[in-house]
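The values are calculated or read from the model by the stated rules, or taken from the named source; none is laboratory data. Note that the structure is predicted; figures quoted are calculated from it, not measured. Cβ placement follows ideal geometry from the backbone for every residue including glycine, while neighbour counts extend to all protein chains displayed. What goes into the accessible areas is simple: the full protein's heavy atoms, side chains included, and nothing from ligands, DNA or RNA. Shrake-Rupley method; radii C 1.70, N 1.55, O 1.52, S 1.80 Å.
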Amino acid sequence: MTSTGQDPDHTDPLAALRTPGEPACDVYLTGTVFLDIIFTGLDSAPVRGTESWARGMGSSPGGVANMATALARLGLRTSLAAAFGDDHYGEYCWDTLENGEGIDLGHSRTVPGWHSPVTVSMAYENERTMVSHGHEPPPQEPAPRCPPRARAAVASLTPGTDAPWVAEAARKGTRIFADVGWDDTGRWDLAALPDLAQCEAFLPNAEEAMRYTRTSCPRAAAHALAEHVPLAVVTLGSEGAYAVDGRTGETASVPAIEVAALDPTGAGDVFVAGFVTGTLADWPLADRLAFAGLTAALSVQEFGGSLSAPGWSEVAAWWRQIQAYDDQDPAALDRYAFLDPLLPDAARPWPLRRAVPTIGFGRSA
């Protein structure tokens with residue numbers, strides 16, 4: 001793939017690898033979609049008994065939609081299976097994901113009488129505070145042909161539970177990438193993550209990795225995890241990321257990109273999306289880490305989860321901009337030189353129709 005004549009809205013990182021008879025879906029996900037309402041520009045945390053005014057606000061699909069949006073904006077054919085309420089919030093999230101982001105919702109459903117889960121996020125002093133509300137959707141039988149054939153799937157592992165779709169997807173040849181949330185039980189037992197055995201890659205943060213492996217060093221934790229999963233990737237926050245390929249013994253370490261962070265919401269999802277993209281495109285391990293870190297760094301410079309996920313034109317704009325500075329470290333520039341043939345000529349900021357700041361704009365009177 002070359003940059004000549006590319007439409008930045010439709011860059012396909014897998015174009016050179018696509019063949020007849022391949023799965024129509026690049027990445028499959030399932031989970032809960034929230035309506036995220038983000039308040040920005042708060043001078044401090046809300047104080048009990050007072051009213052705070054925010055200078056900015058954004059609304060967008062959240063929850064698993066953060067990951068789905070990040071993948072779709074990087075050009076992967078993304079399929080999401082989720083429940084949506086039949087209220088205005090659910091309609092808004094469905095329309096934004098399907099028509100605004102091009103995500104396949106053929107395996108999703110609308111649940112009559114069920115209100116959409118909502119999260120209110122308040123961003124201040126480079127931190128965030130969230131309040132969420134929602135009800136479990138009513139159970140249903142698995143959708144036909146679900147999970148669909150896909151190159152990859154992203155699973156969020158939960159201690160003590162397994163998701164039958166993960167094993168089914170793996171049986172179909174889908175490559176499973178997994179992250180994990182905080183273990184509220186305090187056990188931090190890898191045996192309590194049964195779906196890990198089906199995964200090709202596991203991407204915890206440093207604290208999670210060290211707790212699960214009983215180590216005091218995140219790099220040692222990555223090596224320990226590589227004994228349980230083919231590829232272990234540990235995110236190190238401001239220090240970047242470290243990966244170990246347990247099949248070959250290869251390791252890679254990439255430093256973080258220094259940016260003015262406004263809101264970390266969804267950065268982890270964006271990192272995973274970038275790493276999945278590079279893996280499916282058969283990039284070297286260090287390039288995958290670098291790209292994942294770059295996309296995450298771009299996302300924290302904007303507010304919100306799916307609102308801030310970058311596409312190829314944002315990556316291109318960043319690459320053009322940093323090359324314009326005379327004092328850049330040549331070695332640092334070389335680290336990202338692999339991007340050159342991948343980027344579109346046009347580097348327009350925010351080229352796609354993004355989630356609108358508030359619900360209801362554009363409706364006829």
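Here is how the numbers come out for the structure above:
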| item | result |
| --- | --- |
| Counted residues, segment 243-282 - those being more than 16 Å from the chain's Cα centre (by Cα) and in contact (Cβ under 8 Å) with a residue 40 or more places away in the chain | 11 |
| Residue count, segment 142-190 (criterion: touching a residue at least 40 places away in the same chain (Cβ under 8 Å), among the aliphatic types (A, V, I, L, M) and farther than 18 Å from GLY31 by Cα) | 0 |
| Among the candidates ARG109, ARG77, residue that is open to solvent by less than 70 Å² (accessible area, probe 1.4 Å) and of a type in the set (D, E, K, R) | ARG109 |
| Failed condition for TRP94, given (1) closer than 30 Å to GLY41 by Cβ; (2) modelled with pLDDT under 95 | (2) |
| Qualifying positions in segment 245-261 - farther than 24 Å from LEU333 by Cα, out of contact with any Leu (no Cβ under 7 Å at 6 or more places or on another chain) and either in a strand (DSSP E or B) or not small (Gly, Ala, Ser) (or both) | ARG247, THR248 |
| Filter pass, ASP183 being surrounded by 20 or more Cβ atoms within 10 Å (Cβ to Cβ) and acidic (Asp, Glu) | no |
| Yes/no for ASP340 being surrounded by fewer than 24 Cβ atoms within 10 Å (Cβ to Cβ), outside any helix (DSSP H, G or I) and either small (Gly, Ala, Ser) or more than 19 Å from the chain's Cα centre (by Cα) (or both) | no |
| Near pairs, Cβ below 6 angstrom, 6+ apart or cross-chain, from segment 311-323 (under 17 Å from ALA70 (Cβ atoms) and without any contact (Cβ under 8 Å) to a residue 12 or more places away in the chain) to any residue that is open to solvent by less than 40 Å² (accessible area, probe 1.4 Å) and in a helix (DSSP H, G or I) | none |
| Selection status of ALA197, modelled with pLDDT of 95 or more and open to solvent by less than 50 Å² (accessible area, probe 1.4 Å) | no |
| Condition met for VAL234 (assigned to a strand (DSSP E or B) and of a type outside the set (Asp, Glu)) | yes |
| Matching residues, segment 81-121, being part of a helix (DSSP H, G or I) and either within 20 Å of the chain's Cα centre (by Cα) or of a type outside the set (Phe, Trp, Tyr) (or both) | HIS88, GLY90, GLU91, CYS93, TRP94, ASP95, THR96, LEU97, GLU98, ASN99, GLY100 |
| Complete set of residues in segment 219-264 that are of a type in the set (Asp, Glu), farther than 17 Å from TRP283 by Cβ and open to solvent by less than 40 Å² (accessible area, probe 1.4 Å) | ASP263 |
| Extreme residue, most open to solvent (accessible area, probe 1.4 Å), among residues of segment 276-335 that are over 17 Å from PHE202 (Cα atoms) and hydroxyl-bearing (Ser, Thr, Tyr) | TYR325 |
| Sole residue being over 23 Å from ALA281 (Cβ atoms), touching a His at 6+ places or on another chain (Cβ under 9 Å) and either among the small types (Gly, Ala, Ser) or modelled with pLDDT of 95 or more (or both), chosen from SER52, SER116, SER44, SER108 | SER116 |
| Selection from segment 200-218 of residues that are in a helix (DSSP H, G or I), open to solvent by 30 Å² or more (accessible area, probe 1.4 Å) and not charged (D, E, K, R) | MET210 |
| Condition broken by ASP162, with the remaining ones in (1) touching an Asp or Glu at 6+ places or on another chain (Cβ under 7 Å); (2) assigned to a loop (DSSP other than H, G, I, E, B); (3) buried (at least 19 other Cβ atoms within 10 Å of the Cβ) satisfied | (3) |
| Meets criteria (touching a helix residue (DSSP H, G or I) at 6+ places or on another chain (Cβ under 7 Å) and more than 30 Å from ILE37 (Cβ to Cβ)) for THR185 | no |
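Yes/no matrix, rows are residues, columns are (1) of a type in the set (D, E, K, R); (2) in contact with a helix residue (DSSP H, G or I) (Cβ under 8 Å, 6 or more places away or on another chain); (3) within 22 Å of HIS133 (Cα to Cα):
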position	(1), (2), (3)
LEU35	no, yes, yes
PHE39	no, no, yes
SER44	no, no, no
GLY75	no, yes, no
HIS88	no, no, yes
